[in-house]
Structures are given as C-alpha cells and as structure tokens.
1. Given the criterion in contact with a Leu (Cβ under 7 Å, 6 or more places away or on another chain) and among the acidic types (Asp, Glu), identify the matching residue among Asp121, Asp51, Asp58, Asp63.
2. Could you give me the residue pairs with C-beta distances under 8 Å whose first residue belongs to the stretch 250-262 and is open to solvent by 100 Å² or more (accessible area, probe 1.4 Å) and of a type outside the set (D, E, K, R), whose second residue is at pLDDT 80 or above and part of a helix (DSSP H, G or I) wherever it lies, and which are 6+ apart or on separate chains?
3. Please identify the pairs in which a residue from the stretch 193-208 that is of a type outside the set (Val, Ile, Thr) has its Cβ atom under 8 Å from the Cβ atom of a residue that is part of a loop (DSSP other than H, G, I, E, B) and open to solvent by less than 10 Å² (accessible area, probe 1.4 Å), counting only partners at least 6 apart or on another chain.
4. State whether one or more residues within the stretch 225-234 are part of a helix (DSSP H, G or I), closer than 16 Å to Thr69 by Cβ and out of contact with any Cys (no Cβ under 8 Å at 6 or more places or on another chain).
5. Restricting to the stretch 156-171, name every residue that is in a loop (DSSP other than H, G, I, E, B) and under 18 Å from Ala188 (Cα atoms).
6. What number goes with the only condition from (1) at pLDDT 85 or above; (2) surrounded by 13 or more Cβ atoms within 10 Å (Cβ to Cβ) that Asp58 does not pass?
7. Please go through the stretch 172-193 and pick out each residue that is farther than 16 Å from Asp159 by Cβ and open to solvent by 20 Å² or more (accessible area, probe 1.4 Å).
Amino acid sequence: MNKVEVTRVFPALGRAVLVLWFLLPLIPVVLWAISNRWSFPGSVPQEWGFDGVRSALDAGGVDAFVRSTLLALAVAAIATPLGALAARALVNGTVRFPAVVAGVLFAPLALPPFAVALGLDVLVLRSRIPSTVAVIALLTVAAIPYTTYLMRVAFGAYDIGYEEEARTLGASSATVLRRIRIPLLAPALAGAALLAFLVAWSDYVITLLIGGGRLVTVPILVASFAAGTGNDSVVAALSVAAVVPPLLLVLMLARLRRRSAR
C-alpha cells in the first residue's frame, strides 16, 4: 500500500468508526420503538409492533415535537448573532475590561441550571413574564457561552484584509457584511446555531421549572414516561424522534463545511 492509498484509507476508516460509535447505541432504542414486547433474556423483541409510537402520538408527541423545534429555533436565532457580536467585540478589543466581560458571558457554564431556574422561578412569577418568553430568555443566556466561544475562535482566525480591500473598492458596510463577512463566517455561524439549538432542544430543568409544566417539550414528555414502568417502547419512540433533528442538522453542517472547504 503506497502513501497515497494510506492517506485515503485512514480518514475513511476513521469516519466509519465514528459513525459506528454514534449509531450502535441507537440500535437498541430503534428496536424498542418498533416492539410491543421485549423481555429478558431475549436478544430481539418477542413481539414487533408500533404500540409505543401510537402511545407517544396519543400523549401529544407531535405537539411536543413542534414546541421543542420552535423553542430551539428561537433560541438559536437569538443566541447566534448575540454570541457573534460578543465574540467580535472581545477579539477586536472594543470593550473595556474584556476579561470581566468574558467571565460574565461564560458564567452560565459554571452555575448549576437547577439552582438558577429555581431562583428565577419566583422572579418570573412576580414579574408576570409569560413562561414561554422567560424560557427562551434563560435558554438564550445558557446558549450564549457556546456561541460566543465558537465565534471567538472563528473571529480569531478571520482575515480582516478581505473587508479592508472591499472598502478600498467602495463597498459599504452593509455590502461588506452581506457579501464578505457572513459568507466567510458561515460555517462558524452554522456551528454556533447548532450548539444553541442543541442547548434548547435537550433542556429539561429550565423548561420544566420556568415553564411551570405548561410548556411540554420532548425531553419533558420523555422524562414523564421514563418515570413510570412498562413504558420502554414509548420512551424509545420519543427518543428516536428527539435524535432526528440534531442528526439532520449535523449532516447539514458537515455538508456546508465540505462546500466551504472547496
């Protein structure tokens, strides 16, 4: 095997191992979702069927899926530009006391979500803030550290020379933003949006406490069924539904990165 073949085989092998690493744990979940009975010590379900899927739909699985999607999209739409602006200001040194500002931005990573949500729950109730608005605001704060960090790395590697050359040719600030900065930072922006989406999509504590049980999302529905017994197929069906959007977004992000690398 020559050097060229080695450089082709090893990356392909690494990707295959990575795909197996993520997909293998999902196989039992998928089997549970399409089984009506799977008792120990059977290696495969004794009775196939979609009772779990039907129970998940009857319990409001579609509505919970829609709520989770809209909630995650809203958080991603807010946290991504805020994180990009904060990262740009930190990299360019346009803020005073950047270490303090960075500490405040990354503070949510060090604070226990349960304690924060429990403490702010009373404030939200007294302020009569709509629960959905409060959940989006708190999840945005929780997502900003991730979007800021990723965009900070992107701006650190960003070549400002492209913008300077465009301005010398008469491009306006809006044109530079639309035609140069955003296209060059598109992969990083997509990655930041994905992280923000995942923060909101997988959240349970903040949505449950601040939402007061009225904002039923997929994680809350999964937890409610998982707390009981005999609901394995329902939990599996909901879990499969919860995996699909992040998986699709990861595939879209990988495709975008391949296009930008060409």
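The values are calculated or read from the model by the stated rules, or taken from the named source; none is laboratory data. Remember, it's a predicted structure, so these values are computed and weren't measured experimentally. Here the Cβ is made from the backbone with ideal geometry for all residues, glycine too, and neighbour counts use every protein chain on show. When the accessible area is computed, the model is the full protein with side chains, heavy atoms only, and any ligands, DNA or RNA have been set aside. Shrake-Rupley method; radii C 1.70, N 1.55, O 1.52, S 1.80 Å.
1. One residue alone meets the criteria, Asp121.
2. Correct list of pairs: Met252/Ala190.
3. Matching pairs, first to second residue: Asp203/Thr217.
4. As a first pass, look at the stretch 225-234 and keep what is part of a helix (DSSP H, G or I): 225-226, 232-234.
Right, trim to closer than 16 Å to Thr69 by Cβ and you get none.
Within the stretch 225-234 (the criterion being part of a helix (DSSP H, G or I), closer than 16 Å to Thr69 by Cβ and out of contact with any Cys (no Cβ under 8 Å at 6 or more places or on another chain)), the answer is no, since none of the residues qualifies.
5. Quick first cut of the stretch 156-171, residues in a loop (DSSP other than H, G, I, E, B) only: 157-160, 169-171.
Answer for the stretch 156-171, where residues must be in a loop (DSSP other than H, G, I, E, B) and under 18 Å from Ala188 (Cα atoms): Ala157, Tyr158, Asp159, Ile160.
6. Single failed check for Asp58: (2).
7. Across the stretch 172-193, the qualifying residues are Ser172, Ser173, Ala174, Thr175, Arg178, Leu189, Ala190, Ala193.
Residues are listed down the side, and each one gets a yes or a no for (1) at pLDDT 85 or above; (2) among the β-branched types (Val, Ile, Thr); (3) within 18 Å of the chain's Cα centre (by Cα):
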| site | (1), (2), (3) |
| --- | --- |
| Gly170 | yes, no, no |
| Arg178 | yes, no, no |
| Ile210 | yes, yes, no |
| Val218 | yes, yes, yes |
